[in-house]
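Data block below; observations after.
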Amino acid sequence: MSSFIDTIREKGGRFLLRQQLKKFKHQPTVYNLQSAATAGILYDASESENIAIVKALIKELKVHQIRSQSLGYIHQNKRDDDFIGDNVYSFACKKDFSFFYKPKSESVDTFINTPFNLLFVLTKDNPFPIDYIGSLSHAAFKAGKANVNNDMLDIMIELKTDGDLKDLKNQIMHYLSILNTGNAQSA
């Protein structure tokens, strides 16, 4: 019964997302590690190893003088005490979304509306709330795993095997370091 309800919720959410995307047109602007000043990181925070990977990514981005913010999605009804956010790390859980997964928390809306130069979508398989947030994000250039939601991403990384998020992070960083932006603007 629960999976039936979840299926209905996701179908309703996908309909709402399509309606919102009709009003919001994403025009990608290419940024690389040399031209970007800000980055958002969207990831599944349900596994502690993913949080460690995001912390390492934020340290790497600091070396390139890129200010970062992360939003981790926790597939639970409410956050545990382990998930307390600050200016760099924030977390969202099921209660931060409506029945059809439309974001309803101020921190999620703020993340969506922040015009990051880069958005890292670090998930192996997008939970629908991450898909919703990433699709509506005002980030200029979105990077993530291929075949998860290709419509959302501007650069897609194909991993040879399922790989883990550390491989995905390393591949994104590699391609962003060699990407030629041509006439991309710095923020």
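The values are calculated or read from the model by the stated rules, or taken from the named source; none is laboratory data. Here the structure is a predicted model, which is why all the values come from computation and not from measurement. Cβ sites come from the backbone with ideal geometry, for glycine too, and all protein chains shown count toward neighbours.
Restricting to the range 1-13, what's the tally of residues that are in a helix (DSSP H, G or I) and exposed (fewer than 15 other Cβ atoms within 10 Å of the Cβ)?
Summing the residues that are in a helix (DSSP H, G or I) and exposed (fewer than 15 other Cβ atoms within 10 Å of the Cβ) in the range 1-13 gives 8.
I'd like the residue in the range 127-155 that is over 19 Å from Gln69 (Cβ atoms) and of a type in the set (S, T, N, Q) and, out of all such residues, is farthest from the chain's Cα centre (by Cα).
Ranking the qualifying residues of the range 127-155, first place goes to Asn147.
Considering every residue within the range 95-109, establish whether at least one is under 17 Å from Ile172 (Cα atoms), surrounded by 15 or more Cβ atoms within 10 Å (Cβ to Cβ) and modelled with pLDDT of 90 or more.
no
So, in the range 21-54, of the ones that are at pLDDT below 90 and assigned to a helix (DSSP H, G or I), which residue ends up nearest to Val88 (Cα to Cα)?
So, considering only residues that are at pLDDT below 90 and assigned to a helix (DSSP H, G or I), the one nearest to Val88 (Cα to Cα) is Ser48.
This table checks each residue for (1) more than 18 Å from the chain's Cα centre (by Cα); (2) of a type in the set (Val, Ile, Thr); (3) surrounded by 13 or more Cβ atoms within 10 Å (Cβ to Cβ).
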position	(1), (2), (3)
Gln27	no, no, no
Gln34	yes, no, yes
Ile66	no, yes, yes
Gly72	no, no, yes
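Condition first: among the small types (Gly, Ala, Ser) and surrounded by fewer than 23 Cβ atoms within 10 Å (Cβ to Cβ). Now tell me which residues in the range 141-159 satisfy that.
Correct list: Ala146 only.
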